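Below is one structure, written out as structure tokens; the observations come after it.
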């Protein structure tokens, strides 16, 4: 991997939406009534693939949260929405953010609370 790919903007939790293009849209994850948005996106600079998961509950303020973790192409082609949270939790690190975290973002590992 090149030095540019190792330091690409996509590896930052504050990467902008235009840093990515949709590689694969998945069905919403309806586990426990979440209706979470799940997609595989690809960095427009380094072509790295990311699994993205986002949820927000309209009836709860500060409930929006998202996570984005690297995913290999073969797994990205087969993963389904219901597997996404377990996949992210098993990664050594993934990026996160949202209003649930008072607008903070960063990197973390392990499970994240997805329910309200």
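Read-outs throughout are calculated quantities, based only on the coordinates presented, and are distinct from any laboratory measurement. Since the structure is predicted, the reported quantities are computational estimates derived from the model, not experimental observations. Cβ placement follows ideal geometry from the backbone for every residue including glycine, while neighbour counts extend to all protein chains displayed.
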For the subset of segment 1-60 comprising residues that are part of a loop (DSSP other than H, G, I, E, B) and touching a helix residue (DSSP H, G or I) at 6+ places or on another chain (Cβ under 7 Å), which member is surrounded by the most Cβ atoms within 10 Å (Cβ to Cβ)?
-> 26
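Looking only at residues that are in contact with a helix residue (DSSP H, G or I) (Cβ under 7 Å, 6 or more places away or on another chain) and under 22 Å from residue 11 (Cβ atoms) in segment 72-104, which one is surrounded by the fewest Cβ atoms within 10 Å (Cβ to Cβ)? Give the steps one after another, and end with the answer.
Applying the first criterion (in contact with a helix residue (DSSP H, G or I) (Cβ under 7 Å, 6 or more places away or on another chain)) to segment 72-104 yields 79, 82, 94.
Then keep just the ones that are under 22 Å from residue 11 (Cβ atoms); that gives 79, 94.
Details: 79: 18, 94: 24.
Checked segment 72-104; the qualifying residue surrounded by the fewest Cβ atoms within 10 Å (Cβ to Cβ) is 79.
Within segment 32-42, track down each residue that is free of Cβ contacts under 8 Å to residues at least 60 places away in the same chain and under 13 Å from the mean Cα position of the chain (by Cα). Before you say what the answer is, go through the steps one by one.
Applying the first criterion (free of Cβ contacts under 8 Å to residues at least 60 places away in the same chain) to segment 32-42 yields 33, 35, 37-42.
Residues satisfying the conditions are 37, 38, 39, 40, 41, 42.
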